[in-house]
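Working notes for the structure below.
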Amino acid sequence: MKTIFTATLGTETNTFSSLPTGLQLFKETCLFRRGSYGDKAPMFAQPLEIWRRMADARGWRTVESLCAFAMPAGKTVRKVYEGFRDEIIADLTAALPVDAVLLSLHGAMVAEGYDDAEGDLLAHVRRVVGPAVPIGAELDLHANVSRQKLENVTAMVLFKEYPHIDVPERAEEVFTLIADAVEGRTKPVIGWFDCRTIGVFHTTRQPMRGLVDKCAALEGRDGILSVSIVHGFPWADVADLGSKIVVVADGDKARAERLARDLGMEFFRLRHETQPRYSTLEQAMARAATHNQPRPLILADVSDNAGGGAASDSTFILQAMLEQGITDGAIGMFWDPMAVRIAFEAGEGAALDIRLGGKLGPTSGPPLDLRATVIGLARDATVSFGGRDKSYAPVGDMAAFEVNGIAIVCNTLRSQCKSLDCFANVGVDVTKRKVVVVKSMQHFHAAYAPVASEIMYVADRHREKRSEKRSNPAAPMVGCFAFGSQRRRRVR
Ligand SMILES: [Zn+2]
């Protein structure tokens with residue numbers, strides 16, 4: 001009987017964030033050992049559950065180790081990362097011999113002393129199992145893929161979709177790749193290309209849509225097993241930052257490298273067209289003032305995305321809505337445990353004075369002092385991803401306040417606004433509101449696009465135009481050409 005060893009470890013580290021990623025944040029987001037989550041796997045345990053099911057179907061034994069994932073924030077505390085790594089390595093050592101290792105990682109985890117934490121983990125795993133045992137990894141497309149990661153895996157598969165609606169499909173893909181290698185049907189080799197590009201790439205529109213579909217169509221023919229576009233995570237100051245192409249081929253490394261280069265050059269040529277069109281706050285408010293469609297105008301507060309390590313308590317857009325006199329709106333979710341606590345004490349229907357948001361620092365803006373009515377409360381709430389009920393994530397206790405016709409949703413576990421549950425859990429029906437602000441970069445899109453009349457990605461007041469002229473990704477980079485506004489907000 002074959003034995004596969006599986007584990008999950010990851011977070012997406014915003015090295016500009018002042019919030020440390022410690023044990024508490026892992027506990028609040030996802031921390032289980034040896035399948036202790038039981039029958040209902042949380043969102044971050046989905047790959048483990050899928051790998052166990054696929055192994056069972058082949059009559060293989062699964063040894064499942066740690067399942068640890070933290071909501072994106074600042075650097076992971078050194079002893080926390082080292083503790084998790086050592087735990088996985090101890091479990092792996094105890095499970096030997098194993099026929100394969102499958103790891104669900106994020107790929108952009110930075111710990112104190114480890115700019116490439118998951119690369120360090122993979123190097124440790126490789127040392128334990130030796131060169132012959134296949135190691136497969138599933139990564140978020142926002143990974144910063146290093147040579148250390150690439151050289152210590154047999155196959156690597158990244159999500160193709162942003163929003164990440166294809167986590168289960170990619171988990172199945174990497175299992176099949178590794179299982180075929182275990183059974184001697186294939187010899188996976190990796191070719192990769194560094195596009196030397198930093199940006200944000202929505203796969204919901206062209207030209208990224210076409211490029212993703214093209215990559216998928218190349219798979220399963222001419223010896224190409226898998227093609228991944230590494231978007232990279234822009235909010236990290238690490239050497240391995242940036243976009244890459246990773247191709248897994250059957251035995252022919254030169255073919256994999258050629259294809260990676262061709263696709264990488266195509267990706268590079270599209271680098272301007274692929275960037276999101278951001279609106280200023282003033283443009284968004286002007287649009288909101290004239291909006292009269294039956295379906296809501298959705299404003300994405302991209303700079304305050306908890307999913308990218310932001311505080312999720314910035315007040316810039318809410319303040320603008322109040323100044324604008326918008327009276328049929330909703331905004332969420334503010335990470336404000338104190339406001340939630342006060343709302344629970346006062347109870348539903350209570351009118352009270354509340355100081356809201358703006359607590360984490362200058363990037364959060366000033367706190368707002370508001371006269372509010374508590375309109376909804378929910379204990380120990382969870383939300384799905386894009387309305388997919390099979391995956392859920394805890395968001396803590398939730399409270400909704402109404403202020404001058406604007407529903408303001410707060411919660412106690414910092415979370416990105418990914419689904420309609422982020423409002424519906426506390427009785428706010430966003431489909432009936434005119435202007436809805438979601439604190440999210442792009443994951444909101446899967447659930448909100450179907451109910452929206454229009455979506456605007458709102459950046460800050462002072463968008464600067466940068467340009468650079470390069471025809472070759474190997475030419476020196478003269479500056480980032482697409483990112484949110486967190487860095488600029490810090491210095492404003
Ligand atoms: Zn991602």
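The values are calculated or read from the model by the stated rules, or taken from the named source; none is laboratory data. Everything numeric here is computed off the predicted structure, so don't read it as measured data. Cβ: placed from backbone, ideal geometry, glycine included. Neighbour counts: every protein chain shown. These accessible areas exclude ligands, DNA and RNA; they are computed on the full protein's heavy atoms, side chains included. Shrake-Rupley method; radii C 1.70, N 1.55, O 1.52, S 1.80 Å.
Points to keep in mind about this one:
- Just so you know, the averaged projected area of the alpha carbon convex hull for segment 128-257 sits at 8.0 nm².
- Average projection, convex hull of the Cα set of segment 207-292: 8.4 square nanometres.
- Size of segment 299-415 as Cα extents on the principal axes (Å, biggest first): 38, 31, 26
- Qualifying lysines (Cα of each under 20 Å from Cα of K439; at least 8 residues distant if same chain): K359, K418
- Between D39 and M1, the modelled label-to-label distance comes to 2.3 nm, taking each label 7 Å out from Cα in the direction of the beta carbon.
- One chain, two ends: H272 and K432. Fully extended at 0.36 nm per residue, the span grows by 54.0 nm beyond their Cα-Cα distance.
- Among A70, T382, W60 - extreme Cα towards positive end, dipole of the chain, charges at beta-carbon: A70
- Per residue, the solvent-accessible area of segment 1-127 (1.4 Å probe, heavy atoms of protein chains only, all protein chains present) comes to 36 Å².
- Among beta bridges that DSSP assigns inside the chain, antiparallel share in %, nearest 5: 50
- Between E345 and R371, the contour length at 0.36 nm per residue exceeds the alpha carbon distance by 7.8 nm.
- Accessible surface of the chain [probe 1.4 Å, protein heavy atoms]: carbon and sulfur percent: 50
- Calculated mean residue ellipticity, 222 nm, the chain: -8500 deg cm²/dmol, from DSSP H runs (n ≥ 4) at -39500 (n - 2.57) each, averaged per residue and rounded to 500.
- Distance histogram for the chain (every C-alpha pair counted, 10 angstrom bins, percent rounded to whole numbers): 4, 20, 30, 25, 14, 5, 1
- Spacing of the modelled spin labels on R185 and E323, each 7 Å from Cα toward Cβ, amounts to 6.1 nm.
- Compactness of segment 71-147 as Cα Rg over 2.2 N^0.38 Å, two decimals: 1.10
- Ranked from largest, the principal axis spans of the Cα set of segment 37-179 equal 41, 35, 30 Å.
- Length added when fully stretched, R58-E169, from 0.36 nm per residue minus Cα-Cα: 38.2 nm
- Stokes-Einstein diffusion for segment 1-99 at 37 °C, viscosity 0.692 mPa s, with a Kirkwood radius from C-alpha pairs, works out to 230 µm²/s.
- Size descriptors for segment 23-68 (Cα atoms only): Rg and Dmax, in that order, 11.3, 37 Å.
- Over segment 280-353, the pair-distance histogram of Cα-Cα distances with 5 Å bins from zero comes to 3, 13, 21, 20, 17, 15, 9, 2 percent, rounded to whole numbers.
- Contact order relative to length of the chain, as percent, for alpha carbon pairs under 8 angstrom and 6 or more apart: 15
- Here K75 is the anchor, and the aspartates and glutamates within straight C-alpha reach of less than 14 Å, apart from those fewer than 8 places off in the same chain, are E12, E112, D115, D116, E118, D237.
- Packing around the peptides 403-412, 257-266, taken as the average count of other Cβ atoms within 10 Å per residue, puts them in this order, highest first: 403-412, 257-266.
- Helix 281-290 and the longest principal axis of the C-alpha atoms of the chain enclose an angle of approximately 60°.
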